[in-house]
Amino acid sequence: MGVDDKTAGKDALKVWSSRPVEIDETKTAIGKYVSLDCEFVGVGHEGKRSVLARVSIVNYYGAVVMDEFVRPEEKVTDWRTWVSGIRPSDMQNAKSFREVQYKVAEILKDRVLVGHAVSNDLKVLLIAHPKRLIRDTSKHAAFRKISKGRAPSLKKLAKEFLGIDIQGDEHSSVEDARACILLFRQFKDDFQRLEQAKESRGFLKKAKGAKENALVPAIEEA
């Protein structure tokens, strides 16, 4: 895509965002990094409870690795088409939750997962993923600055930092996953530095704990 991963900062990003956004669908290998996004429909009284209806995963270059509709196990009372983009007709070839869950888990295994508030997606999928392998665009410090420390919307980040409009009407989980991976690519070095700092703090904490334990005299049994 020609993105300079070393570029950082809002002003530099504005210069980059003037370039055309490109997704290279010819690079189809899954690779080390993947971006995940899900869409939901409503079940139960007035459709207030959310269940999974679509899962999309793209690779580092934005090529689609997986895009599956999920057949809800309960009766859908609100398709939320205006925001989810999901229609009853999409369920004709939808797969079961178990099938999709297994496929997602296999793709995510040992890979770095990028997403926006991705813990919510993982919770619905009933999948655990190591925190050290998660890069969440809703928590990145450089992005939270534009929302006064709060988690910014993906729509706002895409407009502010990529210069693109997403979620204009109906949402697309592929579009959202691609926006996340583009944001990650732009700030990749920052994400990696923060992760390395976390790992260093964790190592020092463990080392300190081991040292303190070594200083505790053993108590002999009577």
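Bear in mind that the values in this text are calculations on the coordinates, not laboratory data. Keep in mind it's a predicted model, so treat the numbers as computed, not measured. All Cβ positions, even for glycine, are placed from backbone atoms using ideal geometry, and neighbour counts span all protein chains on display.
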Electrostatic dipole magnitude of the range 42-96 [Cβ: Lys, Arg +1; Asp, Glu -1; Cα centre; debye, to 20]: 80
Taking a 27 Å limit on the Cα-Cα distance, which of the listed pairs Lys103/Lys156; Lys75/Lys95; Lys27/Lys148; Lys103/Lys145; Lys32/Lys103 fall beyond it? Lys103/Lys156; Lys27/Lys148; Lys103/Lys145
Between Ala128 and Val83, what is the label-to-label distance in nm when each label sits 7 Å out along the Cα-to-Cβ direction? 3.1
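Which order do peptides 73-85, 131-143 fall in by mean Cβ count within 10 Å, highest first?
Numbers: 73-85: 14.8, 131-143: 17.7.
Result, highest mean Cβ count within 10 Å first: 131-143, 73-85.
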At 0.36 nm per residue, minus the direct Cα-Cα distance, what do Thr28 and Ile146 gain on full extension? Give it in nm, one decimal, please. 39.1 nm
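Sort 86-97, 169-180 by packing, meaning the average of other beta carbons within 10 Å per residue, with the highest value first.
Numbers: 86-97: 14.1, 169-180: 22.1.
Taking the mean over residues of other Cβ atoms within 10 Å, the ranking is 169-180, 86-97.
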